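Comments concern the structure below.
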Amino acid sequence: MPKIIKDGQVVDDTWIIIDKDFEGELPRGKLLLPMQFWLDHGSSLNLMCAGLWIDSDEEIEAVGHEANMFPLIAVNFPTFTDGRGFSIGRLLKERYDFTGQLRAIGNATQDQLFYLKRCGFTSFDLKEGIDLESALTSLNDFDVTYQGAVDQVDPLFRQS
């Protein structure tokens with residue numbers, strides 16, 4: 001079973017990611033559906049446990065305040081240089097008050113984990129070959145942050 005980092009621990013990943021070009025009958029299990037697939041077919045699906053994954057070029061506003069109906073929303077980072085997923089994470093947490101699991105998938109790197117956590121991400125599906133135990137330490141790379149974020153709303157100058 002594949003492994004992920006979730007809530008600061010390495011755990012088994014029980015979710016099945018469905019590709020954008022998927023056709024046919026959906027498998028049984030906990031499914032991570034592409035956002036557009038959900039928008040196109042969601043009302044006709046009889047799914048007990050479905051999450052969404054959003055590509056970095058998609059607008060989260062399409063789901064918006066319905067985000068909390070999903071236990072998991074994943075954001076795809078197609079390349080490590082594509083930072084739009086950071087903004088999607090913050091929008092989900094701050095504008096739409098998403099309380100479920102927020103996961104980074106795709107090409108997020110170990111060096112980005114601390115910043116992803118600051119944007120509200122709680123789980124990380126890293127590329128194959130990355131040592132997840134070593135990556136755990138990156139969640140706490142820095143002791144002090146200057147700017148406010150999801151994890152610490154007040155900037156340093158407003159903290160007492």
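The values are calculated or read from the model by the stated rules, or taken from the named source; none is laboratory data. Quantities reported herein were computed from a predicted structural model and do not represent experimental measurements. FYI the Cβ positions are ideal-geometry reconstructions off the backbone, even for glycines, and counts take in every protein chain you see.
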Near pairs, Cβ below 9 angstrom, 6+ apart or cross-chain, from segment 64-78 (within 23 Å of L126 (Cβ to Cβ) and in contact (Cβ under 8 Å) with a residue 12 or more places away in the chain) to any residue that is of a type in the set (A, V, I, L, M) and in a loop (DSSP other than H, G, I, E, B): F70/V63; I73/V63; V75/A108; F77/A108
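Going through S134, S160 one at a time, which residue ends up being farther than 19 Å from K6 by Cβ and modelled with pLDDT under 95? Quick ask: steps written out before the conclusion?
Numbers: S134 fails: farther than 19 Å from K6 by Cβ.
Every option except S160 fails the conditions.
Being in contact with a Pro (Cβ under 8 Å, 6 or more places away or on another chain), acidic (D, E), under 25 Å from I18 (Cα atoms) and surrounded by 12 or more Cβ atoms within 10 Å (Cβ to Cβ) narrows it down to one of D125, D82, so name that one. First the steps, then the outcome.
Working: D82 fails: in contact with a Pro (Cβ under 8 Å, 6 or more places away or on another chain).
Exactly one of D125, D82 is in contact with a Pro (Cβ under 8 Å, 6 or more places away or on another chain), acidic (D, E), under 25 Å from I18 (Cα atoms) and surrounded by 12 or more Cβ atoms within 10 Å (Cβ to Cβ), namely D125.
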Condition broken by G29, with the remaining ones in (1) exposed (fewer than 14 other Cβ atoms within 10 Å of the Cβ); (2) free of Cβ contacts under 8 Å to residues at least 60 places away in the same chain; (3) at negative phi satisfied: (3)
